[in-house]
Each structure stands twice: as C-alpha cells, then as structure tokens.
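> Pasting a structure here, questions to come.
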Amino acid sequence: PLLFLVMGLVALPFALRGPRVAWTRRKVLLILANTAFDVLNILTFFAAIHVTTVAIAVLSHYVAPILIALAAPKVDGTPSKGTVPAAMVALAGLVIILEPWATPADGAALGATLGVLSATCYAGNMFTVRRLALEVGASKAMSYHSLLGAVVLAPLLIVYPGSIAAEDAALFFTDAAVIGAGSGVMFAIGVARIGSARAAVLTFAEPLVAVAVGVLVWEEPLRPLAIVGGALVLGAGIHVARKKR
C-alpha cells in the first residue's frame, strides 16, 4: 500500500496539469481494471517468491510476454508476426540465465502456479494500460490507479504491522518515486507507441538487468552460460524493436 501511495502522489501533479478528460463509463472501468490487474500481479508475484525460489517465480511470471503476443492480434487488432518466436527465444535465454535446474524444488508447484497467475494479470494489465495511456494519458493512468491500489491494499497495514528504519524509508520512497512512478509513466507511453506485443518482449530485459546488478553491485558470480542466455534475450528484444509498426 505504501508503494502504491507514493507512486500515486508523485504522479498526481503531472496528472492534474494534463488535459482535462471526460470520464466516460469505459474510462472508469479501464482504471478499475488497471488497479485490479496491478494489485493481483504484485500479490501473486511476491507470493510466488515467498513460497519458492526466485528463479522459478521469475520464469513462470515471464510466460506473460508469450500470452500477450498470442492475444495481441485479437485484443489490439495488430499483427504480431515474429513476436511469438522472439518471445520463445527470449524465454529460452532467460531459462539459461536463471538455471532453474540448479535450484531446490521446494514449493515449486505452488510457486510456479502463482507465477503463472501473476503473468496472466500482467498480460491483462499490458492491454489495459495501453488503452488508458491513449485515452486519458500516462500520468493520469499511473496516478489514479496507484491511489486506488493503495486503498485496496491498505488492510495489509493492519494484518502485517511493522516499522521502517529512517535510512530504509528514504531508499523506499526514492525507489517508489523514480523506479515506480517515473518508470511506470515511461512504460505507459512506450506501450501506447509500439503496441502491447512488442513492448511485452522488451520486458525480458527486466530480469537481465537484475542479473547485471547482481554481478556489478553484489559481486554475484556470472557463469559463461548465462552470457549466452543474455545474448538470446537481447537479440530477441532487438529483433522485435526493429520491426516496422
């Protein structure tokens, strides 16, 4: 709830400064759908990490780009030629990077199920965000759905009470403002410009960045095979990004 609250408040001034929007029933339903998909995506993804390994949770979550590529022609009415094969190549590269065969299988079935549920919500959110960005603007979409998400998740503050140290709070709020709200607005603008299917494949860069941060910041080991996997992910993303609209 705090994450959503900070994202909503940071984006709010930009949302209020934007062009006025006539709130039709369709736009209200899109905001509500955006909130529901985002909240369920976060809850199921972190639940997957809680019950199993990060590798299994991430791999099952990244079924999402394939779901989006398959659904894009019907949902968005846009062709996705070459997107599905690219998504499969990127997923194969991600498997090589994360090496799930080298991790313990504790909670694997439940974790993978939660990861796939997260992927399904993520896919629904992708199509919803694209329509919202086109109809009400990226800043309004980010701010309003985040504030609603904070309200929906507020009971968790009662169920799981706790405190945050000052230094952790500073990092948390900076994170939520920059990586949360800032990146979210850029993401919405990008999806509106290039379409859901192409944007989905480019999101395979997320776990690739995570691996790079682990190596450069926390000095985690990088196996030669992981470099091959990274090349597959980047290659698939570049292939999709270069396709004509």
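The values are calculated or read from the model by the stated rules, or taken from the named source; none is laboratory data. Computed from a predicted model, the values in this text were never measured in an experiment. Cβ placement follows ideal geometry from the backbone for every residue including glycine, while neighbour counts extend to all protein chains displayed. Accessible surface areas use protein heavy atoms only, side chains included; no ligands, DNA or RNA. Shrake-Rupley method; radii C 1.70, N 1.55, O 1.52, S 1.80 Å.
> Applying the selection to the stretch 173-200, what residues are closer than 20 Å to Leu30 by Cβ and free of Cβ contacts under 8 Å to residues at least 60 places away in the same chain?
Met186, Phe187, Ala188, Ile189, Gly190, Arg193, Ile194
> Here are Pro65, Pro85, Pro1: which of them is in contact with a helix residue (DSSP H, G or I) (Cβ under 9 Å, 6 or more places away or on another chain) and without any contact (Cβ under 8 Å) to a residue 12 or more places away in the chain?
Numbers: Pro65 fails: without any contact (Cβ under 8 Å) to a residue 12 or more places away in the chain; Pro1 fails: without any contact (Cβ under 8 Å) to a residue 12 or more places away in the chain.
Result of the check over Pro65, Pro85, Pro1: Pro85.
> Quickly run through the stretch 63-77 and pick out the residues that are closer than 17 Å to Pro207 by Cβ and not in a helix (DSSP H, G or I). Outline the logic, then answer.
Applying the first criterion (closer than 17 Å to Pro207 by Cβ) to the stretch 63-77 yields 63-68.
Scanning the stretch 63-77 gives a single hit, Val63.
> For Val51, indicate whether it is under 18 Å from the mean Cα position of the chain (by Cα), over 14 Å from Ala141 (Cβ atoms) and of a type in the set (A, V, I, L, M, F, W, C). Lay out the reasoning, then the answer.
Working: under 18 Å from the mean Cα position of the chain (by Cα): no; over 14 Å from Ala141 (Cβ atoms): yes; of a type in the set (A, V, I, L, M, F, W, C): yes.
No.
> Can I ask one more? Please give the number of the condition Val21 fails out of (1) modelled with pLDDT of 80 or more; (2) assigned to a helix (DSSP H, G or I); (3) of a type outside the set (Asp, Glu).
Every condition holds for Val21 apart from (2).
> Hey, another quick one. Just to verify a result, which residue in the stretch 193-216, among those that are at negative phi and not in a helix (DSSP H, G or I), is surrounded by the fewest Cβ atoms within 10 Å (Cβ to Cβ)?
Narrowing the stretch 193-216 to residues at negative phi: 193-194, 196-216.
Adding the requirement that they be not in a helix (DSSP H, G or I) leaves 203-204.
Values: Thr203: 18, Phe204: 24.
If we take residues in the stretch 193-216 being at negative phi and not in a helix (DSSP H, G or I), then Thr203 is surrounded by the fewest Cβ atoms within 10 Å (Cβ to Cβ).
Residues checked against (1) at pLDDT below 90; (2) surrounded by 15 or more Cβ atoms within 10 Å (Cβ to Cβ); (3) in contact with a Phe, Trp or Tyr (Cβ under 9 Å, 6 or more places away or on another chain); (4) assigned to a helix (DSSP H, G or I):
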{"position": "Lys81", "(1), (2), (3), (4)": "yes, no, no, no"}
{"position": "Ala90", "(1), (2), (3), (4)": "yes, yes, yes, yes"}
{"position": "Asp106", "(1), (2), (3), (4)": "yes, no, no, no"}
{"position": "Val116", "(1), (2), (3), (4)": "yes, yes, no, yes"}
{"position": "Asn125", "(1), (2), (3), (4)": "no, yes, yes, yes"}
{"position": "Tyr144", "(1), (2), (3), (4)": "no, yes, no, yes"}
{"position": "Ile158", "(1), (2), (3), (4)": "yes, no, no, yes"}
{"position": "Gly162", "(1), (2), (3), (4)": "yes, no, no, no"}
{"position": "Ala176", "(1), (2), (3), (4)": "no, yes, yes, yes"}
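> Scan the stretch 146-155 for residues that are open to solvent by less than 60 Å² (accessible area, probe 1.4 Å) and either in a helix (DSSP H, G or I) or over 27 Å from Val28 (Cα atoms) (or both) and jot them down.
First, the residues of the stretch 146-155 that are open to solvent by less than 60 Å² (accessible area, probe 1.4 Å): 146-147, 149-150, 153-154.
Selection gives Ser146, Leu147, Gly149, Ala150, Leu153.
> Could you list all residues from the stretch 36-62 that are of a type in the set (Phe, Trp, Tyr), assigned to a helix (DSSP H, G or I) and more than 12 Å from Gly124 (Cβ to Cβ)? Lay out the reasoning, then the answer.
Kept after step one, since they are of a type in the set (Phe, Trp, Tyr), are these residues of the stretch 36-62: 37, 45-46, 62.
From the residues that got through so far, the ones that are assigned to a helix (DSSP H, G or I) too are 37, 45-46.
Passing the criteria: Phe45, Phe46.
> I'm trying to understand the selection: among the residues of the stretch 13-51, which are within 19 Å of Val116 (Cα to Cα) and surrounded by 20 or more Cβ atoms within 10 Å (Cβ to Cβ)? Walk me through how you get there before you give the answer.
Initially, the stretch 13-51 is screened for residues within 19 Å of Val116 (Cα to Cα), giving 33-51.
Those that are within 19 Å of Val116 (Cα to Cα) and surrounded by 20 or more Cβ atoms within 10 Å (Cβ to Cβ): Asn34, Thr35, Phe37, Asp38, Val39, Asn41, Thr44, Phe45, Ala48.
> Of the numbered conditions (1) free of Cβ contacts under 8 Å to residues at least 60 places away in the same chain; (2) open to solvent by 40 Å² or more (accessible area, probe 1.4 Å); (3) more than 16 Å from Ala188 (Cβ to Cβ), Leu134 fails exactly one; give the number of that condition.
All conditions are met except number (3).
> Does Glu206 satisfy the criteria of being under 29 Å from Ala15 (Cβ atoms) and acidic (Asp, Glu)?
Numbers: under 29 Å from Ala15 (Cβ atoms): yes; acidic (Asp, Glu): yes.
Yes.
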